[in-house]
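Engineer: Below you'll find the structure I mean.
The values are calculated or read from the model by the stated rules, or taken from the named source; none is laboratory data. Note that the structure is a prediction, hence the values are computed from the model and not measured. All Cβ positions, glycine included, derive from the backbone under ideal geometry; neighbour counts span all protein chains shown. With ligands, DNA and RNA removed, areas are computed over all heavy atoms of the protein, side chains included. Shrake-Rupley method; radii C 1.70, N 1.55, O 1.52, S 1.80 Å.
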Amino acid sequence: MKSPVVRLLRARSFVGGHCGLTRRGLALELQLDGEDLEIVLGEEAARRVTHGVRPARFVLNPPTVPKRRLMESLERAEQRDQRRRTAQGIAEFGYQIGFGQPEPDYDCKWFAGPADAGVEEGQELVLACLQGSLIAGYAGLRVRVFSDAETKTAELYLSVHLVYVRPARRGRGLGMSLAVATGVIAIDVLSAVVRSVPAGYTVHSCLEADYTSDGGEVFMENVFSEMNAHHDVLQAAAGSRGVSLVQPVLDAGW
């Protein structure tokens, strides 16, 4: 008889963070402005890219914006931009909106099931960037957490499929804001793992991506920097519970 799958993360694991675990899975609604970007860009650069720009909201699998509508809106924007580039003789690759996430609807469940060793849990996520009613962009993400009672280890993997900002909204700090919001997710889930594992566990974390543009590389480096900036605080919290937290790893390349 198979043993029941006991997942590591629960709603209570996320108390005190920006993210929550709900009936729709991982949830986040975050608003960022110039002050938030100053942490990453510096005061002058943040002021330059956000001057006169409406603050953006970042929502995971937004309930009020169906996935099909979100993807179709950005696909139309990308097609218009491709026609413009073609007319101007600009040789530049196009973006495949929805890359890595072909399903027509959001994944609205935090999955948990048996892994090769221990338990795997997680979710496919769409981090939408919204400015009022405008869909300004998104990041396609996948979060997976592996936990194994035998080896007393837990591992967080955050994979980035695609980051896209509507062409008319580029150069205004939205890509960088998406990186900040993605970092918030990574840090919150990692904090939840540290909070949930028993004493004696070792916790690992890894960011994953395949680069196809310089912007994607900058995006991942900024998420990675954000995680590293919080490492000492998380490590201290882990140590107080008898948990070992290993430095995060960036597994990304061309």
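Engineer: For the range 107-139, give me each residue that is closer than 21 Å to residue 208 by Cα, part of a loop (DSSP other than H, G, I, E, B) and either in contact (Cβ under 8 Å) with a residue 40 or more places away in the chain or in contact with a His (Cβ under 6 Å, 6 or more places away or on another chain) (or both).
Structural biologist: Those that are closer than 21 Å to residue 208 by Cα, part of a loop (DSSP other than H, G, I, E, B) and either in contact (Cβ under 8 Å) with a residue 40 or more places away in the chain or in contact with a His (Cβ under 6 Å, 6 or more places away or on another chain) (or both): 107, 110.
Engineer: Just checking: which of the strands (runs of 3 or more DSSP E) contained wholly in the range 147-254 hold 1 or more residues that are touching a Gly at 6+ places or on another chain (Cβ under 7 Å)?
Structural biologist: 153-165, 202-210
Engineer: Tell me which residues, restricted to the range 229-254, are over 19 Å from residue 139 (Cβ atoms), open to solvent by less than 50 Å² (accessible area, probe 1.4 Å) and within 18 Å of the chain's Cα centre (by Cα).
Structural biologist: 231
Engineer: Then there is this: Identify, by number, the condition in (1) under 17 Å from residue 61 (Cα atoms); (2) modelled with pLDDT of 95 or more; (3) open to solvent by 40 Å² or more (accessible area, probe 1.4 Å); (4) of a type outside the set (A, V, I, L, M) that residue 155 doesn't meet.
Structural biologist: Failing condition for residue 155: (1).
Engineer: Here is a check on your reading of the model: is residue 87 modelled with pLDDT under 90, farther than 29 Å from residue 192 by Cα and of a type in the set (A, V, I, L, M)?
Structural biologist: yes
Engineer: Considering only the range 121-137, state which residues are within 24 Å of residue 153 (Cα to Cα) and either in contact with a Ser or Thr (Cβ under 7 Å, 6 or more places away or on another chain) or surrounded by fewer than 21 Cβ atoms within 10 Å (Cβ to Cβ) (or both).
Structural biologist: Scanning the range 121-137 gives a single hit, 121.
Engineer: Just one of 98, 173 is in contact (Cβ under 8 Å) with a residue 40 or more places away in the chain, touching a Leu at 6+ places or on another chain (Cβ under 6 Å) and either surrounded by 15 or more Cβ atoms within 10 Å (Cβ to Cβ) or of a type in the set (Ser, Thr, Tyr) (or both); which is it?
Structural biologist: Of the residues listed, the single one that is in contact (Cβ under 8 Å) with a residue 40 or more places away in the chain, touching a Leu at 6+ places or on another chain (Cβ under 6 Å) and either surrounded by 15 or more Cβ atoms within 10 Å (Cβ to Cβ) or of a type in the set (Ser, Thr, Tyr) (or both) is 173.
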